[in-house]
Amino acid sequence: MAFEPNPKVQALQQRLAAFMDEHIYPNEQRHVEEAEALGPWKVHPVIEELKPRARAAGLWNLFLPDSTHGAGLSNLEYAPLCEIMGRSFLAPEVFNCSAPDTGNMEVLARYGTTEQQRRWLEPLLAGEIRSCFAMTEPKVASSDATNIESSIVRDGDHYLINGHKWYTTNATDPRCRIAIFMGKTDPGHADRHKQQSMILAPMDTPGVKVLRPLPVFGYYGMPDRASEVLFEDVRVPVANMLLGEGRGFEIAQGRLGPGRIHHCMRQIGLAERALERLCRRAKQRVAFGKPVAQQGVTLERIAESRILIEQARLLTLNAADRMDKVGNKAARTEIAMIKVAVPNMAAKVIDWAIQAHGGGGTSNDFGLAHAYAMSRVLRLADGPDEVHREQLGKMELRKYA
């Protein structure tokens, strides 16, 4: 099993790493300060300043396998690049490779009509606007997407949308112009996976109300602009329907596969950064007469971190390779495995890094608190661990039917 990057990817790795050194790492503290000072309702200037530089450097839309709009990279080729970007919360959006825009762009590229692509995909690809994905609801267990209660009802040449959503990332961002909304068009359908549809809802449509930003472990706007949104009698044209009525669950499964693996790729980069900080801190600090790096428990944690990261990376690269070769649906076992393994790995490594930093590790001075918050969130986002484990268990048992 060899996953050595090809020359094209190696060249992109070098260019990406150089950009990170020159523009991303030196601006991380500014990014944190702007996020804290301006909050989730404002544009953070540092991102807008760096995006044109990333685009000019040819480091733009690297996630999109469509060579017409993106870099034309496979999942396996994109993985080491996404890992580099994952080392910093500032980086993904600067390169136009951040969630949920990446997933929404892939949906529009795969399932959108020519007009939908012209109106929404093109400005998203250009980084001129942002988007959100409205699926999760506060009143039901949204880990089971068939539970959603939101409705999409045909009314002549329009649909009426009603629903209460939350953890709708980006909705508070003033650049957010479009929501991909999931609701039920046929709640009585015998097949519960064909009750749902997805439709495009422009954020300036009457009836769309962004109620509030939601703090993620007390953070507003970083690492995630989580939001609560109400859709009340939102009227949109029939032409805004994606793919067709009853195909929302199908779109969701197609969308979440790449999104899950991108999150895992970034988490590996985040864990690598945490391990670097752990090692440097352990070598600098002295406790009980010798460097912390010489304490037995610290050496054990460093070794275990390296083992866990390498295991997670190989598992993720294998999933990427399977997705490329057999498709997202056939690779659902590999995707489910990394979705459980990688965020748990990252949270453990980051936790050990926090411990090595003492009280300072819980502050924002070292970036570890933000990192831990995001890793913990990803044990819930795109499906909680329990759902993926249950799916894995069932697939394993089928081998012995």
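The values are calculated or read from the model by the stated rules, or taken from the named source; none is laboratory data. Being a predicted model, the structure only gives us computed values, none of them experimental. Here the Cβ is made from the backbone with ideal geometry for all residues, glycine too, and neighbour counts use every protein chain on show.
Go through (1) out of contact with any Lys or Arg (no Cβ under 9 Å at 6 or more places or on another chain); (2) over 26 Å from Phe366 (Cβ atoms) and name the single condition Glu49 misses. The failed condition is (2).
Pairs are defined by a Cβ separation below 8 Å, a sequence spacing of at least 6 or placement on different chains, a first member in the range 196-223 that is in a loop (DSSP other than H, G, I, E, B), and a second member that is polar (S, T, N, Q); the pairs so defined are Leu214/Ser227; Gly221/Thr172. For Gly112, state whether it is small (Gly, Ala, Ser), over 19 Å from Cys264 (Cα atoms) and surrounded by 18 or more Cβ atoms within 10 Å (Cβ to Cβ). Yes, satisfied. Inclusion of Leu50 among residues that are surrounded by 13 or more Cβ atoms within 10 Å (Cβ to Cβ), at pLDDT 95 or above, of a type in the set (A, V, I, L, M) and not assigned by TED's automatic domain parsing to the domain that holds Pro343 is warranted.
Across the range 218-243, what is the total count of residues that are of a type in the set (A, V, I, L, M, F, W, C), under 20 Å from Glu93 (Cβ atoms) and in contact with a helix residue (DSSP H, G or I) (Cβ under 8 Å, 6 or more places away or on another chain)? Counting residues in the range 218-243 that are of a type in the set (A, V, I, L, M, F, W, C), under 20 Å from Glu93 (Cβ atoms) and in contact with a helix residue (DSSP H, G or I) (Cβ under 8 Å, 6 or more places away or on another chain) gives 1. Within this structure, Ile350 fails the test of being farther than 23 Å from Ala145 by Cβ, out of contact with any Phe, Trp or Tyr (no Cβ under 9 Å at 6 or more places or on another chain) and assigned to a helix (DSSP H, G or I). Contact map, the range 346-363: residues that are farther than 16 Å from Ala312 by Cβ paired with residues that are assigned to a helix (DSSP H, G or I) and basic (Lys, Arg), Cβ distance under 6 Å, separation 6+ or inter-chain. Pairs shown: Ala356/Arg281; His357/Arg281. Restricting attention to the range 1-16, and to residues there that are part of a helix (DSSP H, G or I) and either at pLDDT below 95 or among the basic types (Lys, Arg) (or both), which single residue is surrounded by the fewest Cβ atoms within 10 Å (Cβ to Cβ)? Filtering the range 1-16 for residues that are part of a helix (DSSP H, G or I) and either at pLDDT below 95 or among the basic types (Lys, Arg) (or both), the one surrounded by the fewest Cβ atoms within 10 Å (Cβ to Cβ) comes out as Lys8.
Hey, any hits in the range 308-320 for a residue that's farther than 16 Å from Ala79 by Cβ, without any contact (Cβ under 8 Å) to a residue 40 or more places away in the chain, assigned by TED's automatic domain parsing to the domain that holds Lys348 and hydrophobic (A, V, I, L, M, F, W, C)? Give the steps one after another, and end with the answer.
Kept after step one, since they are farther than 16 Å from Ala79 by Cβ, are these residues of the range 308-320: 308.
After this cut, where a residue has to be without any contact (Cβ under 8 Å) to a residue 40 or more places away in the chain as well, the list is none.
Within the range 308-320, not a single residue is farther than 16 Å from Ala79 by Cβ, without any contact (Cβ under 8 Å) to a residue 40 or more places away in the chain, assigned by TED's automatic domain parsing to the domain that holds Lys348 and hydrophobic (A, V, I, L, M, F, W, C).
Whenever a residue of the range 244-264 is within 18 Å of Pro65 (Cα to Cα), its partners that are in a loop (DSSP other than H, G, I, E, B) and charged (D, E, K, R), lying with C-beta atoms within less than 8 angstrom and at least six residues away or across chains, give the pairs Gln253/Lys329; Leu256/Asp382; Gly257/Lys329; Gly259/Asp382; Arg260/Asp382; His263/Asp382.
So which of Ile302, Ile307, Ile338 is among the aliphatic types (A, V, I, L, M), within 30 Å of Glu28 (Cα to Cα) and surrounded by 20 or more Cβ atoms within 10 Å (Cβ to Cβ)? Walk me through it before giving the result.
Numbers: Ile302 fails: surrounded by 20 or more Cβ atoms within 10 Å (Cβ to Cβ); Ile307 fails: surrounded by 20 or more Cβ atoms within 10 Å (Cβ to Cβ).
Within the list Ile302, Ile307, Ile338, the selection yields Ile338.
Number of residues in the range 238-256 that are outside any loop (DSSP other than H, G, I, E, B) and either buried (at least 24 other Cβ atoms within 10 Å of the Cβ) or touching a strand residue (DSSP E or B) at 6+ places or on another chain (Cβ under 6 Å) (or both) equals 6. Do we have Ala2 as more than 21 Å from the chain's Cα centre (by Cα) and not assigned by TED's automatic domain parsing to the domain that holds Asn364 here? Against the criterion (more than 21 Å from the chain's Cα centre (by Cα) and not assigned by TED's automatic domain parsing to the domain that holds Asn364), Ala2 qualifies.
Can you find, within the range 257-306, the residue that is farthest from the chain's Cα centre (by Cα) among those that are part of a helix (DSSP H, G or I) and β-branched (Val, Ile, Thr)? It would help to see each step written out before you state the result.
Taking the range 257-306 and keeping what is part of a helix (DSSP H, G or I), we get 257-284, 292-294, 296-306.
Those still in the list that are β-branched (Val, Ile, Thr) too: 261, 268, 292, 297-298, 302.
Values: Ile261: 9, Ile268: 13, Val292: 35, Val297: 33, Thr298: 31, Ile302: 27 Å.
For the range 257-306, the residue satisfying everything is Val292.
Taken over the range 267-284, the criterion of being within 16 Å of Ile354 (Cβ to Cβ) and without any contact (Cβ under 8 Å) to a residue 40 or more places away in the chain is satisfied by Glu276, Cys279, Arg280, Gln284.
This table checks each residue for (1) in contact with a strand residue (DSSP E or B) (Cβ under 9 Å, 6 or more places away or on another chain); (2) modelled with pLDDT under 95; (3) assigned to a helix (DSSP H, G or I); (4) hydrophobic (A, V, I, L, M, F, W, C).
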{"residue": "Pro26", "(1), (2), (3), (4)": "no, no, yes, no"}
{"residue": "Val32", "(1), (2), (3), (4)": "no, yes, yes, yes"}
{"residue": "Ala37", "(1), (2), (3), (4)": "no, yes, yes, yes"}
{"residue": "Arg55", "(1), (2), (3), (4)": "no, no, yes, no"}
{"residue": "Leu62", "(1), (2), (3), (4)": "no, no, no, yes"}
{"residue": "Asp66", "(1), (2), (3), (4)": "no, yes, no, no"}
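For the condition aliphatic (A, V, I, L, M) and out of contact with any Asp or Glu (no Cβ under 7 Å at 6 or more places or on another chain), what is the one hit in Val238, Val234, Val340? Result of the check over Val238, Val234, Val340: Val234. Yes or no: Ala171 of a type in the set (A, V, I, L, M, F, W, C), modelled with pLDDT under 95 and either outside any strand (DSSP E or B) or in the same structural domain as Lys209 (by TED's automatic domain parsing) (or both)? No: the conditions fail for Ala171. Considering the range 222-278, the residues that are modelled with pLDDT under 95 and among the acidic types (Asp, Glu) include one that is farthest from Ile180 (Cα to Cα), namely Asp224.
Report yes if Val238 is within 26 Å of Glu49 (Cβ to Cβ), hydrophobic (A, V, I, L, M, F, W, C) and in contact (Cβ under 8 Å) with a residue 24 or more places away in the chain, otherwise no.
Details: within 26 Å of Glu49 (Cβ to Cβ): no; hydrophobic (A, V, I, L, M, F, W, C): yes; in contact (Cβ under 8 Å) with a residue 24 or more places away in the chain: yes.
No: the conditions fail for Val238.
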